[in-house]
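The next block holds one structure in the form of structure tokens; read it before the comments.
What follows is calculated from the coordinates using simple rules that are stated; it is not laboratory data. Since we're looking at a predicted model, the values are computed, not measured. Backbone-built Cβ (ideal geometry, glycine too); neighbour counts: all protein chains shown.
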Amino acid sequence: MNMYSGAQLSALTRLFSATVFHEMAKRGRSGLFRRLLQQTDLIGRADPRATVGDAFDSAFEILKVAGHRDEYIYRAAISQKVLMGTHSLRTASMLNEFRAGSSKADLVILNGTATVYEIKSERDSLTRLTSQIEDYKRVFAKVNVIASEGHIESVLATVSDDIGVMCLSKRYRITTLREAVDCPARICPVTVFESLRVAEAVTILQAMGVTVPKVPNTQRHAAMRDLFATLDPVALHVEMVRTLKRTRDLAPLGELVERLPKSLQAAALSVTVRRADHSRLVDAIETPLNAAMAWS
């Protein structure tokens, strides 16, 4: 069944890396894209009129088959089926790699509440799952684990009943085996503070009617941390969601996302590209594949 070598699958996976995306945005071409593509058989099988975007879509189709899937495939599934399927970029926002305690949340969707998705792909182990879940409970009202079919039994046996469990099936469908319980009361205000940018923390305190003390910068962190420690978790969670939806707003990316092939939409939502580089990125992706084989 598996016609692809490990090296080919690795090259296909790396096509979706931030490095390739950044090169295309900055230079309108990517030498790394060309080199990776040459390590696969996509060029030989491509339509003569194919574009760079078509090559990404072909690579994605290969990678989304169970067994080949890495974290990017799961991110794409959540972006397409939850963020843009259930919500929209105008009403919801998404955070990537958001720090929570000693863990980094793979993906967080902010809508009426904050929902974190911990990805456990075929390539991941479950060794850190318990500690990750404990960290997420301190920051987010809803915690989900989305895993491959092979991990589901172990995930259900590992996590408590308030944690949502979702499966990305072999056919690239998300099924919810258990709904996450919305529980903002359990969050830890100090852990939330440690996750925020200073300006976000100030905004939240002001919104909650707390005066930010005028102290030297060296003492500011400790003073704000102490103030956060006194906040009501439920009220804090509401303000955290409201503030982060504004400071990490994805709506300006709506136009870029619409101009990209589906396989690259998750990259557009997670890799920061300057607004000025958007059209260069789109031009690179619309380049005929034959011409892209001369990229250096």
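Quick notes
- For region 187-247, the alpha carbon convex hull comes to 73 Å³ per residue, rounded to a whole number.
- All-pairs Cα distance distribution in region 205-296, expressed in whole percent, bin size 10 Å: 12, 29, 19, 19, 13, 8, 0
- Candidates 213, 261, 233: whichever shows maximal mean-square fluctuation once the chain is modelled as a Gaussian network with Cα springs under 10 Å: 213
- Listed values for region 6-17 are Karplus-derived 3J(HN,Hα) couplings in whole Hz (6.51 cos²θ - 1.76 cosθ + 1.60, θ = phi - 60°), namely x, 5, 5, 5, 5, 5, 4, 5, 5, 4, 8, 6, and x replaces Gly and Pro.
- Shape class of region 135-181 from the Cα gyration tensor (axes a ≥ b ≥ c, square roots of the eigenvalues): prolate, since a/c reaches 1.5 or more and a/b is larger than b/c.
- Computed from the C-beta positions of residue 255 and residue 290, the FRET efficiency with R₀ = 22 Å rounds to 0.20.
- FRET efficiency, 1/(1 + (r/R0)^6) with R0 41 Å, evaluated for residue 274 and residue 232 via beta carbons: 0.60
- Per-selection Kirkwood Rh - region 1-91 (Cα, Å, 1 d.p.): 14.3 Å
- Debye equation applied to the C-alpha atoms of region 73-184, log10 I(q)/I(0) at 0.15, 0.16, 0.18, 0.20 Å⁻¹: -0.57, -0.66, -0.85, -1.08
- Pairs beyond 20 Å (Cα-Cα), from 104/137; 104/142; 142/262; 64/120; 104/262: 142/262; 104/262
- Positive contributions from Lys and Arg (+1) and negative ones from Asp and Glu (-1), summed over other residues with Cβ under 13 Å from the Cβ of residue 245, come out at +1.
- Hz values of 3J(HN,Hα) by residue in region 240-255 - Karplus curve (6.51, -1.76, 1.60), Gly and Pro given as x: 4, 4, 4, 5, 5, 4, 7, 6, 10, 4, 9, 3, x, 8, x, 5
- Kirkwood Rh and Cα Rg combined as Rg over Rh, evaluated for the chain: 1.01
- Estimated FRET transfer efficiency (residue 210, residue 35; beta-carbon r; R0 51 Å; 0.05): 0.45
- Cα centroid separation - region 112-137 against region 47-83, whole Å: 22 Å
- Gyration tensor (alpha-carbon) shape descriptor, region 144-264, a/c threshold 1.5: oblate
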